[in-house]
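Enquirer: Quick one: this structure, given as structure tokens, is what I'll be asking you about.
The values are calculated or read from the model by the stated rules, or taken from the named source; none is laboratory data. Bear in mind the structure is a predicted one, so any value in this text is a computation, not a measurement. Cβ placement follows ideal geometry from the backbone for every residue including glycine, while neighbour counts extend to all protein chains displayed.
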Amino acid sequence: MAAQGKHPLLGMRDLFEEENRRKLRVQNELQAALALCGYRTVDTPVLEPTDIFLRKSGGELASQMYSFVEPGGHQVSLRPEFTSQVIRLFLQQNGSLPLPVRWQYAGPVFRYTAGESGHGRQYTQVGAELIGAGGPAAEAEVMATACGALTSLGLRPLRLVVGDVGAVLGLLRQFALSERATHYLLNVIGHLRDGEEHLDAVRARAEELGLLVQGERQGMAALGQHLAAVDASGASTFGARSATEILERLARKLQASDDPGQLERAMQFTGALAQLNGAARDTVERARSLASSYDLDPSPLDSLDACVAALALHDANDVEVSVDLGLAGGLAYYTGPLFEVWGGRGGAVRLGSGGRYDGLIKALGGSDDVPALGFAYSLESVLDELAEAGALPDESSDGKRALVAPRTPDAVAAALRTAASLRLGGEAAAVALNGEVDEDSARRQGFAAIVTVDEDGASERTWL
């Protein structure tokens with residue numbers, strides 16, 4: 001692979017011709033594969049108002065964004081991902097588009113830490129969004145499309161890992177915790193996925209956030225009993241407030257707080273759920289059994305079961321499908337099934353990811369929720385895996401570039417005409433600007449031949 005440069009401060013790469021041509025070739029092939037599935041191209045600006053990315057994406061993304069105030073006084077950011085922009089574009093059409101909408105895109109994204117590609121702070125996403133389609137058939141289409149475009153490049157076998165944020169949330173809400181505690185457990189499920197030894201750290205963080213304060217609830221209850229006795233005795237006030245007022249305030253605080261025992265039970269369940277992964281149907285059944293053992297209604301898992309069944313109809317060759325209940329997306333806007341596509345030896349390299357985000361359209365200004373989902377690849381990761389598999393397209397320009405050299409100063413006009421003729425024939429040609437031509441220098445500049453031209457237009461080609 002050709003040499004590449006790297007910005008010494010920002011960790012962003014420069015590409016020379018051969019690598020750049022390969023990158024564009026693979027990008028075009030991926031987009032052509034998506035087009036065959038009905039996804040039409042759109043493009044969006046690299047700069048966008050910051051709030052477009054923050055309304056539903058979560059704090060982690062906010063800490064990674066390149067944001068600044070532009071000369072007009074507006075807070076703007078380099079795009080860290082495409083989905084929010086695509087939804088903004090959809091909303092600007094004011095409902096004039098027939099549903100569902102299938103769009104695809106490609107371009108650079110910027111994050112202050114290395115993206116999923118591990119290729120620094122600028123990398124390239126190629127992706128697609130399906131807007132206005134709900135249900136398992138839409139989810140299966142998007143997952144099959146994501147895998148199919150990669151296998152068309154020769155990347156096989158692949159590993160498709162499926163999770164479901166909506167199913168997990170539906171189970172956690174049955175513990176009757178506050179929304180804050182419920183979403184905390186959803187956000188940490190990825191840590192618990194790495195092993196039960198992380199449960200102590202999750203518990204400690206819950207205490208730091210005030211979600212799990214051992215003894216506080218019992219203490220408030222005891223204080224409430226004391227105040228009730230005081231109030232019943234006819235005592236007047238405690239400072240500026242009466243015992244009744246303090247009792248009412250304590251009641252509101254008790255109602256808003258989470259029962260430590262119930263929160264601890266929910267943590268144990270979340271830790272066990274995060275460990276469930278493997279063959280799709282078997283893993284869903286194990287999740288149902290786990291839910292039942294905690295006296296939970298397992299029906300939230302029906303959506304995941306239906307998604308897996310719909311995906312099986314696509315008969316995706318060379319794709320191993322599994323379910324991981326600990327799978328958590330890096331963006332907070334996911335609301336249902338989500339997935340990762342892995343390749344490489346042993347399926348150890350993540351090539352792309354996606355999922356359902358039915359609430360994003362309303363969050364960005366729509367009047368109603370609209371079902372939507374999509375995915376994006378890291379193009380740099382795809383290129384690396386093609387290189388590892390020996391399947392990179394040959395984009396060498398050898399034999400396609402000629403240096404046209406006038407034999408004498410009077411032959412310059414003829415040399416220019418010869419170069420123009422070569423270009424019309426599809427051959428890249430540059431005209432030597434100075435008298436003598438050095439073959440070694442021409443070779444190092446990437447020329448495959450020198451075409452020497454006489455004043456009368458006669459030429460001689462020398463291969464390097």
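Enquirer: Given the options ALA389, ALA348, ALA402, name the one that is surrounded by 22 or more Cβ atoms within 10 Å (Cβ to Cβ) and on the phi < 0 side of the Ramachandran plot.
Expert: Residue meeting the stated conditions: ALA402.
Enquirer: Looking at GLU320, is it in contact (Cβ under 8 Å) with a residue 60 or more places away in the chain and of a type outside the set (S, T, N, Q)?
Expert: yes
Enquirer: At pLDDT below 95, of a type in the set (D, E, K, R) and farther than 21 Å from HIS183 by Cβ - does that describe any residue in region 281-296?
Expert: Scanning region 281-296, I find at least one residue that is at pLDDT below 95, of a type in the set (D, E, K, R) and farther than 21 Å from HIS183 by Cβ, so the answer is yes.
Enquirer: Scan TYR334, TYR377 and give me the residue that is assigned by TED's automatic domain parsing to the domain that holds GLU19, in a strand (DSSP E or B) and within 19 Å of ALA146 (Cβ to Cβ).
Expert: Selected residue: TYR377, the only one of TYR334, TYR377 that is assigned by TED's automatic domain parsing to the domain that holds GLU19, in a strand (DSSP E or B) and within 19 Å of ALA146 (Cβ to Cβ).
Enquirer: Among what's in region 178-197 and is over 18 Å from the mean Cα position of the chain (by Cα) and small (Gly, Ala, Ser), pick the residue that is modelled with the lowest pLDDT.
Expert: Of everything passing the filter in region 178-197, GLY195 is modelled with the lowest pLDDT.
Enquirer: Here are the criteria: (1) closer than 21 Å to ASP358 by Cα; (2) surrounded by 17 or more Cβ atoms within 10 Å (Cβ to Cβ); (3) not polar (S, T, N, Q). Tell me which single one ARG180 does not satisfy.
Expert: Status for ARG180: all satisfied but (2).
Enquirer: Separate question: I'd like the full set of residues that are touching a residue at least 24 places away in the same chain (Cβ under 8 Å) and part of a strand (DSSP E or B), limited to region 438-464.
Expert: Hits for region 438-464 are ALA449, ILE450, VAL451, THR452, VAL453, SER459, ARG461.
Enquirer: Enumerate the pairs (first residue in region 361-386 and touching a residue at least 60 places away in the same chain (Cβ under 8 Å); second residue anywhere and among the acidic types (Asp, Glu)) with beta-carbon separation below 6 Å, excluding pairs fewer than 6 apart on the same chain, so at least 6 apart or on different chains.
Expert: As it stands, the answer is PRO371/ASP358; GLY374/GLU129; SER378/GLU116, since those pairs meet every condition given.
Enquirer: Just checking: which of the helices (runs of 4 or more DSSP H) contained wholly in region 15-96 hold 2 or more residues that are of a type in the set (S, T, N, Q)?
Expert: 17-36, 83-92
Enquirer: I'd like to check which helices (runs of 4 or more DSSP H) are fully inside region 256-313 and have at least 3 residues that are more than 30 Å from ALA144 (Cα to Cα).
Expert: Result: 260-274.
Enquirer: While we're looking at this one, here's another question. Give GLY190, GLY166 a once-over and let me know the one that is more than 19 Å from GLN275 (Cβ to Cβ), part of a helix (DSSP H, G or I) and touching a residue at least 24 places away in the same chain (Cβ under 8 Å).
Expert: Answer to the selection: GLY166.
Enquirer: Among the residues of region 138-151, is there at least one that is surrounded by fewer than 19 Cβ atoms within 10 Å (Cβ to Cβ), in contact with an Asp or Glu (Cβ under 8 Å, 6 or more places away or on another chain), under 26 Å from ASP394 (Cβ atoms) and assigned by TED's automatic domain parsing to the domain that holds LYS23?
Expert: Yes, region 138-151 contains a residue that is surrounded by fewer than 19 Cβ atoms within 10 Å (Cβ to Cβ), in contact with an Asp or Glu (Cβ under 8 Å, 6 or more places away or on another chain), under 26 Å from ASP394 (Cβ atoms) and assigned by TED's automatic domain parsing to the domain that holds LYS23.
Enquirer: Inspect region 428-437 for any residue being touching a strand residue (DSSP E or B) at 6+ places or on another chain (Cβ under 8 Å), more than 10 Å from LEU403 (Cα to Cα), surrounded by 12 or more Cβ atoms within 10 Å (Cβ to Cβ) and touching a residue at least 12 places away in the same chain (Cβ under 8 Å) and give the result as yes or no.
Expert: no
Enquirer: A follow-up question, please. I want to confirm something. Restricting to region 23-74 and keeping residues that are in contact with a helix residue (DSSP H, G or I) (Cβ under 8 Å, 6 or more places away or on another chain) and of a type in the set (Lys, Arg), which single residue is surrounded by the most Cβ atoms within 10 Å (Cβ to Cβ)?
Expert: LYS56
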